[in-house]
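A.B. asks: To start, I am sharing the structure in question, which I have written as structure tokens.
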Amino acid sequence: MSAEPIHLSNNPPVETPFDIIVESINDALIEAKNWADGTVAETQEQVDEIARLIDDLTGNAKALEAERVKEKKPLDDQIDAIQSRYNVYLAPLKNKAPGKVPTAIDALNAAKRPFLIKREQEIEAARVKAAEEAAAKARAAAEALAAARASDLESREVADQAIRDAEDAQKAAKIAANDKAHAHGGGRAQGLRTRPVADITDLNAAVRHYWLENSEPFRALVQKLADDDARQNRRGAEGKGIRFREERY
């Protein structure tokens, strides 16, 4: 049995556009280290060379970015196709085209919400009534106990009954306090959601409070507004705590 001959290829690996561009970038980066060594340019020729190097790096970076987009496009197309297929059913409501499932669930929640709100109002009324009855029974028990005499069996029996009535009313009030409006569909109970919200009733007072509490977000907002004015050549804020100027970079 003879062994098959092994053929070794002398062909070098084919360079990709990525390899070619990166090689050029690496050469420019080595040159950049020589220029950006902690000293500054002192002659026109030096700043011209630095400008040329910046142009080289910028051009290569644009070429590399274009190659990245080109190389990634087939994968992006595949991902977009998969995402589009699933988004028809699963895209969240905040999307421009929400999915069928979140839309259906939102519509179903809207259908049951009015009943649950009404039921919650009824439960709240029952909760208040139960608490008032428990308080009244507790007062009656205290009065009956105070009026009972050790030698008067009937008054003691009245007081004992009043205490039992108060205890029963307290239990009923506790049950009412924990009651909530729910819909039961076979899984977990579905009720009304609650979330903390804030309403601004006095903007000036709120601004003063939060300015003292944390001024940085206000500074960032004002800086953004001023920067927008500067870019749009609007100068209405000049002299009102804002100074506009030209900056070379």
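The values are calculated or read from the model by the stated rules, or taken from the named source; none is laboratory data. Remember, predicted model here, so these are calculated numbers, not experimental data. When we count neighbours, we look across all protein chains shown, and the Cβ atoms used for this are built from the backbone with ideal geometry, even at glycine. Remember, those area values only see protein heavy atoms, side chains included, never the ligands or the DNA or RNA. Shrake-Rupley method; radii C 1.70, N 1.55, O 1.52, S 1.80 Å.
A.B. asks: Largest first, what is the accessible-area ranking of 73, 137, 240 with a 1.4 Å probe?
C.D. replies: My answer, sorted largest first, is 240, 73, 137.
A.B. asks: Which trypsin sites (Lys or Arg not before Pro) from segment 75-131 combine a DSSP loop assignment with at most 11 other Cβ atoms within 10 Å?
C.D. replies: Loop-located and lightly packed - 94, 96.
A.B. asks: How much of the accessible area of segment 1-128, in percent, comes from carbon and sulfur atoms when a 1.4 Å probe is used? Please report the intermediate quantities before stating the final value.
C.D. replies: On the way: 6480 of 10610 Å².
C and S atoms contribute 61 percent here.
A.B. asks: Of the listed pairs 70/94; 33/224; 96/180; 70/96, which have alpha-carbon separations greater than 32 Å here?
C.D. replies: 33/224; 96/180
A.B. asks: Continuing with this model, one more query. Just the Kirkwood number for segment 73-148, please: inverse of mean 1/r across all distinct Cα pairs, in Å, one decimal.
C.D. replies: After inverting the pairwise mean of 1/r, the radius is 17.4 Å.
A.B. asks: Next question. Where does the chain land on Rg(C-alpha)/(2.2 N^0.38 Å)?
C.D. replies: 2.17
A.B. asks: Moving on. Specify the angular offset, from 0 to 90 degrees and rounded to the nearest 10, of the alpha carbon long axis of helix 100-147 from the longest principal axis of the alpha carbons in the chain.
C.D. replies: 40 degrees
A.B. asks: Let me ask something additional. If you project the alpha carbons of segment 118-249 onto the principal axes, what extent comes out on each, in Å, largest first?
C.D. replies: So the extents along the principal axes, rounded to whole Å, are 101, 45, 23.
A.B. asks: D for segment 5-153, whole µm²/s, Stokes-Einstein with Kirkwood Rh over alpha-carbon pairs at 4 °C and 1.567 mPa s: what number? If you can, show how the numbers build up before the last one.
C.D. replies: Values: Rh = 25.3 Å.
Calculated translational D: 51 µm²/s.
A.B. asks: Under 17 Å from the Cα of residue 73, which aspartates and glutamates turn up, not counting those fewer than eight places away in the same chain?
C.D. replies: Correct list for residue 73: 65.
A.B. asks: What accessible area per residue, rounded to a whole number of Å², is obtained for the chain using a probe radius of 1.4 Å?
C.D. replies: 85 Å²
A.B. asks: Let me ask something else. Could you give the angle, 0 to 90 degrees to the nearest 10, between helix 17-35's Cα long axis and the longest principal axis of the Cα atoms of the chain?
C.D. replies: Orientation of helix 17-35: about 80 degrees from the principal axis.
A.B. asks: Here's something else I'd like to know. Ranked from highest to lowest mean number of other Cβ atoms within 10 Å per residue, what is the order of the peptides 210-219, 164-173, 15-24?
C.D. replies: Highest mean packing first, the order is 164-173, 15-24, 210-219.
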